[in-house]
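Reviewing the structure listed below.
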Amino acid sequence: MLTYEEVTKSEAVRTYITRADESLISLGFTEHSFAHVMHVAETAGYILTTLGYDARTVEVAKIAGYLHDIGNLVNRSEHSQSGAVMAWSILNDMGCEPGEIATIVTAIGNHDEGTGVPVNAVAAALILADKADVRRSRVRNKDISTFDIHDRVNYSVKKSVLKINEEKTLVKLKLTVDTQFGSVMDYFEIFMNRMILCRKAAEKLGLQFKLIINEQQLI
């Protein structure tokens, strides 16, 4: 069976991720390179491991996390759909089992808040892992005076932690926000649809979703 490690070592896949992120650099987007995709992969794995899913499902979720933004190579618009098609071709060439390809492609095609739906556990874990990755280090613009709202919000987040409680009933996204750079209202202005999708993803996994900013529960 194809492993997460094998996918991460593929030079072709690494090239696609690098070039996709280069396109986003030119468009002014935050970092979507290896730091992001590996964080998403590991977080998706953590979610399903904690909830007691089998090791193979965890492995499939990590592969989906690593490949989820590859469609930015084609275009930022509808990148989840183009990424799903690219992932199908890549995984098929690497000899991945068709049922697992189907799960991964479905998850990637449903991870974006514009069109995404947490149709299975892997898709739900991918959504939560992706949307929780808000952090200062993703901001590439070094000139604070020229920050747009996305830069301000990401830069304002000093710490982001996604945790499932011991009872496995709640998944909490806890943010520490420096309000001198971005307000809590700024966060909601650009991320409300993401948080709604996170709530749906949590429900798919039998969890409640809670958003906590500066120790105040907001959702």
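Here is how the numbers come out for the structure above:
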{"item": "Residue in region 152-164 that is among the small types (Gly, Ala, Ser) and free of Cβ contacts under 8 Å to residues at least 60 places away in the same chain present", "result": "yes"}
{"item": "Test result for Lys168, basic (Lys, Arg), modelled with pLDDT of 95 or more and within 15 Å of Ile219 (Cβ to Cβ)", "result": "no"}
{"item": "Residues located in region 123-182, provided they are among the charged types (D, E, K, R), assigned to a helix (DSSP H, G or I) and buried (at least 17 other Cβ atoms within 10 Å of the Cβ)", "result": "Asp130, Lys131, Arg138, Asp151, Arg152"}
{"item": "Filter result for Ile219 (in contact with a helix residue (DSSP H, G or I) (Cβ under 9 Å, 6 or more places away or on another chain), under 24 Å from Gly65 (Cβ atoms) and either modelled with pLDDT under 90 or hydroxyl-bearing (Ser, Thr, Tyr) (or both))", "result": "yes"}
{"item": "Of all residues in region 1-21 being among the charged types (D, E, K, R) and within 18 Å of the chain's Cα centre (by Cα), the one that is nearest to Trp88 (Cα to Cα)", "result": "Arg14"}
{"item": "Residues that are modelled with pLDDT under 95 and more than 16 Å from the chain's Cα centre (by Cα), drawn from region 28-84", "result": "Gly28, Ser77"}
{"item": "So Ala84, is it under 20 Å from Arg194 (Cα atoms), touching a residue at least 24 places away in the same chain (Cβ under 8 Å) and touching a Leu at 6+ places or on another chain (Cβ under 6 Å)", "result": "no"}
{"item": "When residues of region 139-156 are limited to those that are among the β-branched types (Val, Ile, Thr) and out of contact with any Phe, Trp or Tyr (no Cβ under 8 Å at 6 or more places or on another chain), the one nearest to Leu205 (Cα to Cα)", "result": "Ile149"}
{"item": "Every residue from region 36-82 that is over 14 Å from Ile127 (Cβ atoms), in a helix (DSSP H, G or I) and among the polar types (S, T, N, Q)", "result": "Thr49, Thr50, Thr57, Asn72, Gln81, Ser82"}
{"item": "Odd one out for Ala64 among (1) hydrophobic (A, V, I, L, M, F, W, C); (2) more than 20 Å from Ala132 (Cβ to Cβ); (3) touching a residue at least 40 places away in the same chain (Cβ under 8 Å)", "result": "(2)"}
{"item": "Among the candidates Asp21, Asp69, residue that is in contact with a Gly (Cβ under 7 Å, 6 or more places away or on another chain), within 26 Å of Arg152 (Cα to Cα) and crowded, with 17+ Cβ neighbours inside 10 Å", "result": "Asp69"}
{"item": "Test: Glu31 is surrounded by fewer than 20 Cβ atoms within 10 Å (Cβ to Cβ), of a type in the set (D, E, K, R) and in contact (Cβ under 8 Å) with a residue 60 or more places away in the chain", "result": "yes"}
{"item": "Filter pass, Asn92 being of a type outside the set (A, V, I, L, M, F, W, C), within 16 Å of Ser23 (Cβ to Cβ) and either modelled with pLDDT of 95 or more or assigned to a helix (DSSP H, G or I) (or both)", "result": "no"}
{"item": "Sole exception among (1) under 18 Å from the mean Cα position of the chain (by Cα); (2) of a type outside the set (D, E, K, R); (3) surrounded by fewer than 16 Cβ atoms within 10 Å (Cβ to Cβ); (4) modelled with pLDDT of 95 or more for Gly99, by number", "result": "(1)"}
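The values are calculated or read from the model by the stated rules, or taken from the named source; none is laboratory data. In this text, all values refer to a predicted model and were calculated from it rather than measured experimentally. Here Cβ is always computed from backbone atoms with ideal geometry, including for glycine, and neighbour counts include all displayed protein chains.
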